[in-house]
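FYI, it's all coordinate maths here, none of it is from the lab. Predicted, not measured: the structure shown is a model, and the values here were computed from it. Using ideal geometry, Cβ is built from the backbone for each residue, glycine included, and neighbour counts are taken over all protein chains shown.
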Amino acid sequence: MKHKEAFVVCDRCSASIANDDWTWLDMYADTPEESLEMHARHTASVEAMGIVGMAAKAEGGYIRCFVCGMDEMGGYVWEQVMT
Ligand SMILES: [Zn+2]
C-alpha cells in the first residue's frame with residue numbers, strides 16, 4: 001500500500017484549495033499573461049498533491065508552502081486521501 005504523503009500549505013493557499021478560489025493571485029500579477037501563468041502553476045501544484053484533505057494546523061514558525069513556494073508564517077498540513 002502506498003504511503004500517504006503530506007504537504008505543508010500556507011493559510012492563503014489552504015483557503016484557496018478549500019474554496020477552489022484563486023482570485024487573490026490576480027492581485028499579485030502585473031499582466032493578464034502573468035495572472036494566467038500563476039493560475040496554471042498553482043493549479044499544477046495542487047494537482048500534484050492529488051486528492052488531499054486538511055489534516056492539521058502546521059506547528060509553529062515559518063513554513064515553505066508547497067503550492068506557492070513562499071515562506072509564510074503558519075499554515076496547514078494536507079494529507080493525501082486514499083480512494
Ligand atoms: Zn501558499
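What the table below lists for this structure:
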read-out	value
Total residues in region 37-70, condition charged (D, E, K, R) and over 17 Å from ALA6 (Cα atoms)	2
Helices (runs of 4 or more DSSP H) contained in the chain and holding at least 3 residues surrounded by 15 or more Cβ atoms within 10 Å (Cβ to Cβ) and within 11 Å of the ligand (Cβ to nearest atom)	11-19, 32-49
